[in-house]
1. Which option, (i) 1.36; (ii) 1.64; (iii) 1.22, is the value of Cα Rg over 2.2 N^0.38 Å that was calculated from these coordinates?
2. With only Lys, Arg, Asp and Glu charged, each at its Cβ (+1 for the first two, -1 for the last two), find how big the charge dipole of the chain is about the Cα centre; round to the nearest 20 debye.
3. So if each residue of separation counts as 0.36 nm, and I subtract the Cα-Cα distance between T71 and L12, what length gain in nm does that give?
4. Quick check for you: with a 1.4 Å probe and neighbouring chains kept, what is the accessible area per residue of the chain, in Å²?
5. Give me the percent of the accessible area of the chain that comes from carbon and sulfur atoms, probe 1.4 Å, all protein chains in place.
6. Before anything else, pin down the relative contact order of the chain: Cα pairs under 8 Å, at least 6 apart, normalised by residue count, whole percent.
7. What FRET efficiency, computed as 1/(1 + (r/R0)^6) with R0 = 25 Å and r the Cβ-Cβ distance, is obtained for V59 and R35, rounded to the nearest 0.05?
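The values are calculated or read from the model by the stated rules, or taken from the named source; none is laboratory data. Please read all numbers here as calculations on a predicted model, not as lab measurements. Cβ placement follows ideal geometry from the backbone for every residue including glycine, while neighbour counts extend to all protein chains displayed. Remember, those area values only see protein heavy atoms, side chains included, never the ligands or the DNA or RNA. Shrake-Rupley method; radii C 1.70, N 1.55, O 1.52, S 1.80 Å.
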Amino acid sequence: DLQLAAVALVALAAVFAILHLTPIGRQMRAVADDRDLARVSGIRPEPVMITLWALAGAVAAVAGMMLGIKTIV
């Protein structure tokens, strides 16, 4: 259980770092706030949304693996 908690904390820290410390994270937050304003500011929302979906998929994959380990699939 401690190892799974450590993996969860690492995943949480990685997502936080991506969203708050990288340019793509800044763009994701801008698109989430106001898509039209982000587009006018020069941010292309389509690639940002694809990246966001990939990030969500990666988090879901980590969560699924952790659930599989916890429930001994």
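1. The value computed from this structure is option (i).
2. The dipole magnitude comes to about 100 debye.
3. The T71-L12 span can extend by a further 19.1 nm.
4. The answer is 75 Å² per residue.
5. Ligands and nucleic acids excluded, carbon and sulfur give 73 percent.
6. Worked out over the chain, it gives 25 percent.
7. Using R0 = 25 Å, I get an efficiency of 0.70.
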